[in-house]
């Protein structure tokens, strides 16, 4: 900081510190609005996250078919590559990771830091409900679920959700 900047800053700070703030009235609605922003309703945050996951999850089916669902009729899928690398079990776990992690990572662009903190406080509940709902949606749209593979997929979804929430929260905090 240069000498002139320090003098200007000190002058402005002194004026601020000596000013009379006794005549300022703060409306009560300001505190209520501030409380809602700092502590968002977890149900509203969950609804936003669920909507984000609905869109991102549907789009991710275009690059990695889940349980044979391919809504875009794409020729290539990461599923084929995962199966070549380590087989069907690895494919199920990693597809679950990819399916859930993309949603929580992209939520960084749509949610506030306080909403991400709310997700972090309830991360196991968030990922469990969204993961099980996704499995139910797959079943509803005609996927044949086998208990072992569905279990591996949900394990991957929980791990992917947990690490994506943790990573995206830390990333967001570092830029705030």
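For the reader, a short list of remarks on this structure follows.
- Residue count for the range 116-144, restricted to those that are surrounded by fewer than 14 Cβ atoms within 10 Å (Cβ to Cβ), over 18 Å from the mean Cα position of the chain (by Cα) and in contact (Cβ under 8 Å) with a residue 40 or more places away in the chain: 3
- Residues in the range 106-138 that are touching a strand residue (DSSP E or B) at 6+ places or on another chain (Cβ under 9 Å) and under 14 Å from residue 161 (Cα atoms): 134 alone.
- Search result, residues across the range 64-88 that are closer than 19 Å to residue 143 by Cβ and either at pLDDT 85 or above or in contact with a strand residue (DSSP E or B) (Cβ under 9 Å, 6 or more places away or on another chain) (or both): 79
- Qualifying residue in the range 158-172 (condition: in contact with a strand residue (DSSP E or B) (Cβ under 7 Å, 6 or more places away or on another chain), surrounded by 21 or more Cβ atoms within 10 Å (Cβ to Cβ) and part of a helix (DSSP H, G or I)): no
- Positions within the range 134-153 being within 16 Å of residue 60 (Cα to Cα) and part of a helix (DSSP H, G or I), in sequence order: 134, 135, 137, 138, 153
- Cβ separations smaller than 6 Å between residues 6+ apart or across chains give the following pairs from the range 35-55 residues that are at negative phi and without any contact (Cβ under 8 Å) to a residue 60 or more places away in the chain to residues that are outside any helix (DSSP H, G or I) and surrounded by 11 or more Cβ atoms within 10 Å (Cβ to Cβ): 52/110.
- Filtered by the rule that a residue be surrounded by 15 or more Cβ atoms within 10 Å (Cβ to Cβ) and either under 16 Å from residue 43 (Cα atoms) or modelled with pLDDT of 90 or more (or both), the range 100-111 gives 100, 101, 102, 103, 104, 105, 106, 107, 111.
The values are calculated or read from the model by the stated rules, or taken from the named source; none is laboratory data. As the structure is a prediction and not an experimental result, all values here were calculated from the model. Note: ideal-geometry Cβ built from the backbone for every residue, glycine included; neighbour counts use all protein chains shown.
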